[in-house]
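Structure, as structure tokens:
The values are calculated or read from the model by the stated rules, or taken from the named source; none is laboratory data. Every value quoted in this text rests on a predicted model; they were computed, and no experiment measured them. Backbone-built Cβ (ideal geometry, glycine too); neighbour counts: all protein chains shown.
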């Protein structure tokens, strides 16, 4: 759907990782947008979905608990799919229950013929009705009162300014919470780990992307000006470890090479990156491991 791509477009730099795999975002990521007349704090959450393990339950909890905290919800859908799917209906129901103001954002509209835009947007607008979201809606099911419907392309940066103006127009006057040069509250280790995980997501398929976690174990600025980064890549089975390493270490070398450019841009320094692949069986269902990796729900 492009939530993370949209966050990056808002703040005009890479902060959230991007992938065509579902449930790419696992944590709540804060991004700060500044302009002369406003500061907007965005919260990119995991996608709401039907969980199949404890990690999925954690991701849903993070996403759902964030909705009441915000002034406006951006419900981002994939406009290149002409009609909403079951996942869209599931998310719409969660949003309806929260009762917050909602802007419907139809992303990837650059892939849709202009004459079909209104049809696509009308199909997603219909999610406001409980009867569209479910064949048997609950008696107290709520409708969604869209503030507006905005067609965009986050990747091509189309109509982003219009969406930002609409969001700013919904904000109440308040204090500036963050310095103007701050774009996120996430520590460097978190962002670096996400950059590495992104490359694995982009280079692997089937069960591998969802079975991977990354932890930066060491981040050390050396006298030479180089930054030493040591990161562990966790998988759930030995067979997955072999895939990540690849023949003669080829896959792991590619992951490192592709990650290095993003990390150097983030840190503003040359880096020496070491990657290690470790097995933690069924880590997505082990609460103690989830907490160690930063997936804490308290």
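Key figures for this structure:
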item	result
Failed item in (1) part of a helix (DSSP H, G or I); (2) surrounded by 14 or more Cβ atoms within 10 Å (Cβ to Cβ), with residue 68 passing the rest	(2)
One residue from 185, 165 being out of contact with any helix residue (DSSP H, G or I) (no Cβ under 6 Å at 6 or more places or on another chain) and part of a helix (DSSP H, G or I)	165
Residue in segment 137-144 that is surrounded by fewer than 19 Cβ atoms within 10 Å (Cβ to Cβ), closer than 16 Å to residue 75 by Cβ, touching a residue at least 24 places away in the same chain (Cβ under 8 Å) and within 24 Å of the chain's Cα centre (by Cα) present	no
Residue that is nearest to the chain's Cα centre (by Cα), among those in segment 93-110 that are in a helix (DSSP H, G or I) and farther than 24 Å from residue 9 by Cα	94
Residue within segment 188-199 that is over 20 Å from residue 17 (Cα atoms), outside the structural domain of residue 15 (by TED's automatic domain parsing) and in contact (Cβ under 8 Å) with a residue 24 or more places away in the chain present	no
Options 149, 132, 76; residue that is buried (at least 20 other Cβ atoms within 10 Å of the Cβ), touching a helix residue (DSSP H, G or I) at 6+ places or on another chain (Cβ under 7 Å), modelled with pLDDT of 95 or more and not in a loop (DSSP other than H, G, I, E, B)	76
Selection within segment 79-104 - surrounded by fewer than 16 Cβ atoms within 10 Å (Cβ to Cβ) and within 14 Å of residue 149 (Cα to Cα)	101
Number of the exception - residue 61 against (1) in contact with a strand residue (DSSP E or B) (Cβ under 9 Å, 6 or more places away or on another chain); (2) part of a helix (DSSP H, G or I); (3) farther than 26 Å from residue 171 by Cβ; (4) touching a residue at least 40 places away in the same chain (Cβ under 8 Å)	(1)
Selection from segment 45-54 of residues that are crowded, with 16+ Cβ neighbours inside 10 Å and touching a residue at least 60 places away in the same chain (Cβ under 8 Å)	54
The one condition in (1) surrounded by 14 or more Cβ atoms within 10 Å (Cβ to Cβ); (2) touching a strand residue (DSSP E or B) at 6+ places or on another chain (Cβ under 9 Å); (3) under 21 Å from residue 55 (Cβ atoms) that residue 279 fails to fulfil	(1)
Residue 16 vs. criteria surrounded by 20 or more Cβ atoms within 10 Å (Cβ to Cβ) and part of a loop (DSSP other than H, G, I, E, B)	yes
Any hit, segment 105-112, residues being modelled with pLDDT of 95 or more, buried (at least 16 other Cβ atoms within 10 Å of the Cβ) and more than 21 Å from residue 7 (Cβ to Cβ)	yes
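Okay, residues lined up against (1) in the same structural domain as residue 288 (by TED's automatic domain parsing); (2) touching a strand residue (DSSP E or B) at 6+ places or on another chain (Cβ under 8 Å); (3) without any contact (Cβ under 8 Å) to a residue 24 or more places away in the chain; (4) under 22 Å from residue 133 (Cβ atoms):
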| position | (1), (2), (3), (4) |
| --- | --- |
| 43 | no, yes, no, no |
| 56 | no, no, no, yes |
| 67 | no, yes, no, yes |
| 81 | no, no, yes, yes |
| 84 | no, yes, no, yes |
| 90 | no, no, no, yes |
| 96 | no, no, no, yes |
| 101 | no, yes, no, yes |
| 121 | no, yes, no, yes |
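So that you can scan it fast, the table gives a plain yes or no per residue for (1) farther than 25 Å from residue 58 by Cβ; (2) surrounded by 12 or more Cβ atoms within 10 Å (Cβ to Cβ):
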position: 177; (1), (2): yes, no
position: 209; (1), (2): no, yes
position: 219; (1), (2): no, yes
position: 248; (1), (2): yes, no
position: 252; (1), (2): yes, yes
position: 269; (1), (2): yes, yes
